[in-house]
Amino acid sequence: MSNIYIAGIAMTVFGRHLERSLDDLAREAVSGAMKDAGASRSQIETIFYAGATNGPLQGQIVIPGQVVLSKLGFEGVPIFNVENACASGSSAFHLACQSLRAGAEVVLAVGAEKMNIADKSKALALFEGGWDVSRVEENFETLARFGEGVDIPEGSESDKPYSRFMAIYAAFCRWHMKTYGTTQRQIAAVSAKNHNHSVHNPYAQYRKPFTIDEVLAAPPITYPITLPMCAPLTDGAAAAILCTEAGLKRLSADRNRCVKVVASVVRSFTNRAIDAADQTVGKLASKQAYEIAGVGPQEISVAELHDASAVGEIIQAENLGLVPLGEGGPAAERGEFTLGGRVPINVSGGLESKGHPIGATGIGQLFELVTQLRGEAGARQVEGARLAIQENGGGLQGVEEAALAIHILSK
């Protein structure tokens, strides 16, 4: 099987782009990726478009990809619309890899979202559909069981509306705290670290540094989560041109800047018990990816993990074998995940700081890793980066992500 390459990749600045349209954001990302790859529209054989919020927020319930991309001059080629909750962008990228394995030579994966609208409650309501809506009461009962035995301090619940998924992350936090002894301060250490990383990322939505104490003193969302531990509503787009060896010969890309996709895995949840830590979708997907790539977690130079809330980084660092189970919190507090540490994680600032435009998030993570492997990350560069891993999860089913993607990239 021919190697799969990322020949070109680009993203917009993630943030609140009240004055820009969805089409405009997508245009910037796609044009940037094509320029990076030395590709023309006529060379793109298939397109995978991720835009999970385009229907409910812009009213484009169906064919959002065809509508957006037609305004960029794409006609005739197959365009597939991909929705997999917060893993939509990574799922589009995975399908692009599958398309290359099936015989295509040059394909495009793109994600674009416009989540900041006048009615913020409408945007927050999107997250109500991120789990089985026919079992809402049962879902809440399951979350309550996660945190049984954890004392909730008075005044640790926000009086303002917040995303359903922060309640889900809070439940995961409480379970991790009572099971492994993880502390709120360790979770805050992840958040402070990612906000400090974001200072050096010109694409990040937030670029304000925080100390651990400032994170802890910030307005509460739901215990143990405070505001800086949460990803914001974000507008943005990201796009990647992928190709085979044969496709690369057709492009004008600089081969020395092309990055190999050595593993691409997407898995769905299983109906496991919450304490079956060896059967998490993240652990199973990463194990599969490591086997495909022929590498182990100890060889990873840099990682981008799904931290819609800070505890997500701790949980996934453990699931991916970057630290043993229960050691994610202490490792974060010791600085092991910090730029210059043992295994730098989310040097982009993560979803908490860089932003989380659902359909573009996964490709945005991959943009950071490609930038690192090219040695072009400037002040946030991980020295000697050669092997990178990405994890991106979406939705909730049972006691874990409904869908989860893992990609491993190499120079």
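Out of the residues in segment 126-156 that are within 24 Å of the chain's Cα centre (by Cα) and without any contact (Cβ under 8 Å) to a residue 24 or more places away in the chain, state the one that is nearest to GLY51 (Cα to Cα).
In this case the residue turns out to be GLY129.
How about segment 61-116: which of its residues are of a type in the set (Asp, Glu) and either part of a strand (DSSP E or B) or surrounded by 24 or more Cβ atoms within 10 Å (Cβ to Cβ) (or both)?
GLU113, the sole residue that qualifies.
Residues are listed down the side, and each one gets a yes or a no for (1) assigned to a loop (DSSP other than H, G, I, E, B); (2) within 11 Å of SER353 (Cα to Cα); (3) open to solvent by less than 30 Å² (accessible area, probe 1.4 Å):
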| site | (1), (2), (3) |
| --- | --- |
| SER134 | no, no, no |
| GLU137 | no, no, no |
| PHE140 | no, no, no |
| GLU148 | yes, no, no |
| TYR162 | yes, no, no |
| MET166 | no, no, yes |
| ALA171 | no, no, yes |
| HIS176 | no, no, yes |
| ARG185 | no, no, no |
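Is there a residue being in a loop (DSSP other than H, G, I, E, B) and either open to solvent by less than 30 Å² (accessible area, probe 1.4 Å) or closer than 16 Å to HIS94 by Cα (or both) anywhere in segment 16-32? Write out each step before concluding.
First, pick out the residues of segment 16-32 that are in a loop (DSSP other than H, G, I, E, B): 16-21.
Still in the running and either open to solvent by less than 30 Å² (accessible area, probe 1.4 Å) or closer than 16 Å to HIS94 by Cα (or both): 17.
Yes, segment 16-32 has at least one match.
Can you name the number of the only condition in (1) β-branched (Val, Ile, Thr); (2) under 30 Å from GLN372 (Cβ atoms); (3) in contact with a helix residue (DSSP H, G or I) (Cβ under 8 Å, 6 or more places away or on another chain) that VAL199 fails?
Here VAL199 clears every test but (3).
If the requirement is being open to solvent by 30 Å² or more (accessible area, probe 1.4 Å) and closer than 16 Å to ALA388 by Cβ, which of these qualifies: ILE300, ILE274, ILE315, ILE292?
ILE292
Which of (1) over 30 Å from LEU126 (Cα atoms); (2) small (Gly, Ala, Ser); (3) crowded, with 17+ Cβ neighbours inside 10 Å is the odd one out, the single condition SER286 does not satisfy?
Exception for SER286: condition (1).
When only residues in segment 117-127 that are farther than 23 Å from ILE63 by Cβ and outside any helix (DSSP H, G or I) count, which is least open to solvent (accessible area, probe 1.4 Å)?
ASP119
Pick from LEU305, LEU339, LEU325, LEU351: which is open to solvent by 40 Å² or more (accessible area, probe 1.4 Å), touching a residue at least 60 places away in the same chain (Cβ under 8 Å) and within 25 Å of GLY236 (Cβ to Cβ)?
Checking each option against the conditions leaves just LEU339.
Within segment 300-312, take every residue that is of a type outside the set (A, V, I, L, M, F, W, C) and touching a strand residue (DSSP E or B) at 6+ places or on another chain (Cβ under 6 Å) and give me the one that is farthest from SER163 (Cα to Cα).
Among them, the one singled out is SER301.
Residues that are under 22 Å from the mean Cα position of the chain (by Cα), at least 1 per element: which helices (runs of 4 or more DSSP H) completely within segment 230-334 meet that?
By residue number, 281-293, 310-319, 328-334.
What are the residue pairs meeting all of these: first residue in segment 19-35, first residue farther than 11 Å from ILE241 by Cβ, second residue open to solvent by less than 10 Å² (accessible area, probe 1.4 Å) and assigned to a helix (DSSP H, G or I), Cβ atoms under 7 Å, and 6 or more apart or on different chains?
Correct list of pairs: LEU22/ASN54; LEU22/VAL68; ASP23/VAL68; ALA26/VAL68.
Among the residues of segment 377-399, write down those that are of a type in the set (D, E, K, R), surrounded by fewer than 23 Cβ atoms within 10 Å (Cβ to Cβ) and either in a helix (DSSP H, G or I) or in contact (Cβ under 8 Å) with a residue 60 or more places away in the chain (or both). Walk me through it before giving the result.
Initial filter on segment 377-399 (of a type in the set (D, E, K, R)): 380, 383, 386, 391.
In the following step, the residues that additionally are surrounded by fewer than 23 Cβ atoms within 10 Å (Cβ to Cβ) were identified as 380, 383, 386.
Selection gives ARG380, ARG386.
Which of the residues spanning segment 234-271 are buried (at least 23 other Cβ atoms within 10 Å of the Cβ), closer than 30 Å to ARG20 by Cα and not polar (S, T, N, Q)?
ASP235, GLY236, ALA237, ALA238, ALA239, ALA240, ILE241, LEU242
Which of the residues spanning segment 77-117 are of a type outside the set (A, V, I, L, M, F, W, C) and either at pLDDT below 95 or under 12 Å from PRO357 (Cα atoms) (or both)?
The answer is SER88, GLY89, GLY111, GLU113, LYS114, ASN116.
Inspect segment 222-232 for any residue being touching a Lys or Arg at 6+ places or on another chain (Cβ under 7 Å), at pLDDT 95 or above and open to solvent by 50 Å² or more (accessible area, probe 1.4 Å) and give the result as yes or no.
Start the filter on segment 222-232 by keeping residues that are touching a Lys or Arg at 6+ places or on another chain (Cβ under 7 Å), which leaves none.
Within segment 222-232, not a single residue is touching a Lys or Arg at 6+ places or on another chain (Cβ under 7 Å), at pLDDT 95 or above and open to solvent by 50 Å² or more (accessible area, probe 1.4 Å).
The values are calculated or read from the model by the stated rules, or taken from the named source; none is laboratory data. This structure is a prediction, so every number in the text was calculated from the model and none was measured. Don't worry about glycine lacking a Cβ; one is built from the backbone with ideal geometry, like all the others, and counts go over all protein chains shown. Ligands, DNA and RNA are stripped out before the accessible areas are found, and what is left, the full protein with its side chains, is counted by its heavy atoms. Shrake-Rupley method; radii C 1.70, N 1.55, O 1.52, S 1.80 Å.
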